[in-house]
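> Provided herewith is a single structure, encoded as structure tokens, for subsequent inquiry.
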Amino acid sequence: TPISSTRIRAALAAGEMEEVQALLGRPFSLRGPVLRGDQRGRTIGFPTLNVGVSADRALPPDGVYVTRAYLPAGIFNAVTNIGTRPTFDGAARRVETHVFDFEGDMYGQVVTIELLHRLRAEQRFDGIDALVAQIKVDAAAARAWLA
């Protein structure tokens, strides 16, 4: 079947990142500055880069994705949540990336995040402990997928 923007948008809307990559000939990526967030991730052991993405940018469905982060310091494997953070009653949609094996202040730096594979839909947890347990599972699954 022919490659078309309609087909690419449909695959993106379905979260089929491998299909999007096949159609584009490259991974789907998001680019933006690192913004200050609630800094909750660092308090639970999973600091994130909050990537500022233009409101008119097409995004895949809310969920957790295996990603690769292009930072000024190099290329790193990562796991990214796209969504509203329902466990914390969030309203605004955010792109939050936990970069593996990286520590540093990235505020104001422009980063690129490639979305490679969707792990699961975003969900609400009964508390921080349940959320942290799931983040550990997601991080391990992302590392395994990238291996």
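> Would you list SER54, SER29 from the most to the least accessible area, probe 1.4 Å? Before the final figure, lay out the partial values.
Details: SER54 70, SER29 30 Å².
My answer, sorted largest first, is SER54, SER29.
> Something else: Could you order the peptides 126-139, 10-23 from most to least packed, using the average number of other C-beta atoms within 10 Å per residue? Intermediate results must be reported in sequence, preceding the final value.
Details: 126-139: 13.9, 10-23: 17.1.
By packing density, highest mean first, the sequence is 10-23, 126-139.
> For THR43 and TYR70, what does the FRET efficiency come to when R0 = 30 Å and r is the distance between their Cβ atoms, rounded to the nearest 0.05?
Details: r = 26 Å, r/R0 = 0.88.
E between THR43 and TYR70, to the nearest 0.05, is 0.70.
> How about segment 20-125: which GluC sites (Glu not before Pro) there lie in a loop by DSSP and see at most 10 other Cβ atoms within 10 Å? Please list the in-between numbers first.
On the way: sites: GLU96, GLU103, GLU114, GLU122; in loops: GLU103, GLU122.
The qualifying sites are GLU103.
> Please report, ordered by residue number, every helix of the chain (full DSSP H runs) that is 20 Å or longer along its axis going by C-alpha atoms and whose mean Kyte-Doolittle hydropathy reaches -0.5.
Details: long enough: 128-146 (26 Å, 0.94).
Both cut-offs are met by 128-146.
> Express the relative contact order of segment 28-95 as a whole percentage, based on alpha carbon pairs under 8 Å and six or more residues apart in sequence. Before the final figure, lay out each step's value.
Values: 84 pairs, mean separation 16.1, N = 68.
About 24 percent, as a whole number.
> Over the chain, what relative contact order in percent results from Cα pairs under 8 Å that are six or more residues apart? Walk me through the intermediate numbers first.
Working: 272 pairs, mean separation 40.6, N = 147.
This gives 28 percent for the chain.
> Per q in 0.13, 0.19 1/Å, what log10 I(q)/I(0) does a Debye calculation on the alpha-carbon atoms of the chain return?
For the chain, the Cα-only Debye profile gives -0.55, -1.20.
> Another question, if that's okay. List the residues, sorted by chain then number, that are 5 or more residues from ARG120 or on another chain and whose placed amide H is less than 5 Å from its amide H.
The answer is VAL64.
> Still on this structure: To one decimal place, what Kirkwood hydrodynamic radius in Å is obtained for segment 81-131 from all pairs of distinct Cα atoms? Before the final figure, lay out each step's value.
Details: mean 1/r = 0.0759 Å⁻¹.
Value: 13.2 Å, from the Cα pair sum.
> Another question, then. Please report the spacing between the Cα centers of segment 84-147 and segment 1-33 in Å, no decimals.
For segment 84-147 versus segment 1-33, the Cα centre distance is 21 Å.
> While we're here: For SER54, put the label point 7 Å out on the Cα→Cβ axis and report which residues of segment 1-26 keep their amide N under 12 Å from it.
Zone members listed by number: none at all.
The values are calculated or read from the model by the stated rules, or taken from the named source; none is laboratory data. Everything quoted here is computed from the prediction, not taken from an experiment. Note that each Cβ is placed from the backbone with ideal geometry, even for glycine, and that neighbours are counted across all protein chains shown. The protein model used for the area step is the full one, side chains on, heavy atoms only, and it has no ligands, DNA or RNA in it. Shrake-Rupley method; radii C 1.70, N 1.55, O 1.52, S 1.80 Å.
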